[in-house]
Amino acid sequence: MSDNKINRREFLTRSAKAAAGLAAASHLGNTLFAAPMIKNSKIDEKVFILGIDGMDPGLLHHFIQKGMLPNFKKFLRNNSYSPLRTTLPPQSPVAWASFISGANPGVHGIYDFVHRDPAQFLPFLSTSRTYSPEKNINLGSWSIPLKSGKVELLRKGPTFWSELEKHDIPVLLYKLPANFPVTEGKAKQISGLGTPDLLGTYGTFTLFTENKNENLGNLGGGRIVQVQSYDHKFQCTLEGPSNPLNKKEETSHTIFKISRDPWNDTIKIDIQGKELILKKGEWTKWIPVEFTLLPVFASVHGMVRFYVQKVHPFLRLYVSPINVDPLHPDSPLSNPDDYSQKISKKIDRFYTQGFPEDTKALSYGIFSDEEFLVQSKSVLNERLQAFDYQLNHFNKGLFFFYFSSVDQNSHMLLRTMNPSHPLYDPNAPPQVKNAIAYFYQAMDTVLAQTVSKMDNRSTLFVLSDHGFSPFTREFNISTWMVENGFTAVTDKNQYHKSIFYDYVDWKKTKAYVMGLNSIYINLYGREMHGSVLPDERDRIVAEIIHKLKEVRDPKTGKKVLVGAYDAQKIYSGPQLKIAPDVIIGYDQGYRISDYSVLGQFPHEIIGDRTDKWSSDHCMHPNIVPGVLLCSREIKKQSPALWDLAPSILERFGFSAHPLMDGKSIFKKM
Amino acid sequence: MAVKKIKIQKELLDKANKYYQTAGYSSVEEFISHILEKEFNKIEDGDDSLDAVKKRLQGLGYIS
């Protein structure tokens, strides 16, 4: 940041629209650990938590039995293990919020990836919301915010670390999901799932292609841009975030040039004063890119990685999502504010978007399985570097470290080790077939490293938020709701063309689907178009649940759901008022279709899943339990994710927060 | 550009007339049009618009 310019961060934190919301969090970095220590016999405890998203109990045992995970095998011989009950629904934001708060969704208020504002009937992502600045001053074509916008973390309820902070116990939370923007306080944090890229999305790659036959445009999660060669030279425009300081909110951009070797598979990229020589198949490290918002005064800092897919006969250059640069964080990536800078100075730049594995590039066929695997391994390598650094600098307190690799690769590549999966490819290369084992083995090494740091005052938890199931059949539950009279439509011939509930007849609609596992009653007085009187609510909920339980797949005759539940009966807490009315738990192999999540209505009720995102966990919690390994005896029967917060607190000698409904795993219940 | 008239409460119009110059606009029409555009942008292109929510879910991989 140059000293002779207006403070860019100041500018940016005043604008909620710049990238993913630039929270005006005032962190307490300078007061870190300044308060006097309180005497506590357990103050020197060490609690290590390895959060391995998506680690599946069945796969863990499968790999152990095959002798591929010697450290897990050794650990299990001397320590405690249990499958871990997960939340209903078993979605990552819901599950991790229950882990954090030690409570059910009625307390933390996260019920689904997607919530809706009933008054405006608009969906939003459940973990955070962005608010634009309220006041601007206009200078020519520029609109300068006078009052700050903000990003708000919507997760409510207690956290397991707030009590530790109060007692000056050091806390590290590395990439903890459902925690963006990171909480204020003394805990050192790098934000995880929920952290957007510089465009405000959860990852949007750009593919520059010379091939005129490629589909162009925005794909959602990616964009394809055609480029033309003039004597083997290309000029490419990389679009940045929309410019909140410009009255027309034009998109910021940077232009870079490519020169191609006419005879060899090599290119040269010139971008913002840097020259990069790359061969076909080569990835760059992180390249910083700056997007100007207000000439001279304001810019935002991102970074990208280039990957040369093809050079001849057509150029094909993949550019990663533009991540927020941790060396110049223009959004609240860390606590204290400068913590991401400190870490990246030690270990180099790293992916800052919540889920870095580019699953969309594979889904859209931009990446092959092998290319996706290479990118995923590079994400893991970065994470392992951070893990080494953090583990080696940890002395006491609480250490939480999160890994996304098992989860993201299970979504995309679990099919490659399951011959009964419809998308199984018997001819897939060995490294692809062994991909899941590779990531489990990496976790085996991580376990050994952690154990080596433990002493007699240490406790280790290894946990996952859910396991995995094949996802082979898609349930168009929105269409089912129409055919069963719960959602009414104005035109039976047209409603399949709906983009977003376009043909819904709200006056006659009793209930509608929004999100991955949620149904809402169209309740009068609550919903924008509410038509169901409150005393009718319970009857309609019961009717939906009864009918849903009977749904069978016409192809197999199997039931599609394990169960559906009235949220008012299964949850409790101060956030119950915002809960969906019915929560759906799908059986193995089934999940809501992509189309039904946000108000589209395909013709077919149940169809084949053809996307490579072909394993999932948004089913019923009984289908996809997580794992829990602990270095101390697990005495509680059937432990659950929400039991861990009270258990962690107990290790430090603290009682559970009154809103925590979980119980310590170290006590018999 | 085609122009159509709309009705607006007198109190709101008085306020708009009072503040448009302070807010940096050259006319009250430009001021009101821009306020409306901003509201539409929130719905169509804002960080919490349908499009933004779809893009984020797509980015996560849960829908395509």
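Mean residue ellipticity, 222 nm, helices only, the protein assembly as shown: the sum of -39500 (n - 2.57) across DSSP H runs of n ≥ 4, divided by residue count and rounded to 500, is -7000 deg cm²/dmol.
Extension gain for residue A:348-residue A:577 works out to 78.0 nm (0.36 nm per residue, less the C-alpha to C-alpha distance). Under 5 Å between amide hydrogens, built in the peptide plane, is the criterion, and for residue A:117 it picks out A:122, A:124 among residues at least 5 positions away or on other chains. When only the Cβ of Lys, Arg, Asp and Glu is charged (+1, +1, -1, -1), the dipole of the range A:589-669 relative to its Cα centre reaches about 600 debye. Model label sites at residue A:546 and residue A:507, defined 7 Å from Cα along the beta-carbon direction, differ in position by 2.8 nm.
Between residue A:79 and residue A:385, how high is the FRET efficiency from 1/(1 + (r/R0)^6) when r is the Cβ-Cβ distance and R₀ = 25 Å? Nearest 0.05. Calculated transfer efficiency: 0.40. Label positions at residue B:15 and residue A:393, each projected 7 Å from the Cα along the C-beta direction, are separated by 5.0 nm. Put simply, the amide H of residue A:324, placed in the peptide plane, has neighbours under 5 Å in A:198, A:352, A:353, leaving out anything fewer than 5 places away on its chain. Give the separation of the Cα centroids, the range A:292-352 to the range A:574-614, in Å. Between the Cα centre of the range A:292-352 and that of the range A:574-614, the gap is 34 Å. Straightening the chain between residue A:263 and residue A:533 buys 89.9 nm, computed as 0.36 nm per residue apart minus the Cα-Cα spacing.
Taking the fewest neighbouring Cβ atoms within 10 Å as the starting point, the ordered list for A:56, A:444 is A:444, A:56. Highest average first, the peptides B:51-58, A:300-307, A:491-498, A:59-66 ordered by how many other beta carbon atoms sit within 10 Å of their residues are A:300-307, B:51-58, A:59-66, A:491-498.
In terms of its C-alpha gyration tensor, the protein assembly as shown comes out rounded, because the ratio a/c of the largest to the smallest axis stays below 1.5. Between residue A:553 and residue A:494, how high is the FRET efficiency from 1/(1 + (r/R0)^6) when r is the Cβ-Cβ distance and R₀ = 41 Å? Nearest 0.05. In this case the efficiency is close to 0.90. Converting phi to 3J(HN,Hα) with the Karplus coefficients 6.51, -1.76 and 1.60 and the offset θ = phi - 60°, the range A:657-668 yields 5, x, 7, 6, 9, x, 10, 4, 6, 8, 10, 6 Hz in sequence order, with x at every glycine or proline.
Taking the DSSP bridge list for the range A:164-255 and keeping only pairs wholly inside it, about 45 percent are antiparallel. Across the range A:347-352, rounded Karplus estimates of 3J(HN,Hα) from the backbone phi angles (6.51 cos²θ - 1.76 cosθ + 1.60, θ = phi - 60°) give 10, 6, 5, 8, 4, 10 Hz, Gly and Pro being marked x.
The mean sequence separation of alpha-carbon pairs under 8 Å and at least six residues apart, normalised by the residue count of chain A, gives a relative contact order of 22 percent. Contact order, relative form, for the range A:169-294: 14 percent (alpha carbon pairs under 8 Å, 6 or more residues apart, mean separation divided by residue count).
If Lys and Arg each add +1 and Asp and Glu each add -1, what is the summed charge of the other residues whose beta carbon sits under 12 Å from the beta carbon of residue A:669?
+4
Using only Cα atoms, tell me the angle between helix B:50-60 and the longest principal axis of chain B; keep it within 0 to 90° and round to the nearest 10. Its long axis makes an angle of about 30 degrees. Remark: spin-label model distance residue A:633-residue A:232 equals 7.3 nm, labels positioned 7 Å along the Cα→Cβ axis. Note on A:464, A:229, B:49, A:518: ascending count of other Cβ atoms within 10 Å places them as A:229, B:49, A:518, A:464, the fewest first.
Measuring between alpha carbons in the structure, the pairs from A:66/A:175; A:46/A:188; A:377/A:433 lying more than 20 angstrom apart are A:66/A:175. Less than 5 angstrom separates the built amide H of residue A:128 from those of A:154, all sequence-distant by 5 or more or on a different chain.
Coordinate-derived values only; no laboratory data. Just so we're clear, the structure is a prediction, and the values are computed from it rather than from any experiment. A quick note on method: Cβ atoms are made from the backbone with ideal geometry, for glycine too, and the neighbour counts reach across all protein chains shown.
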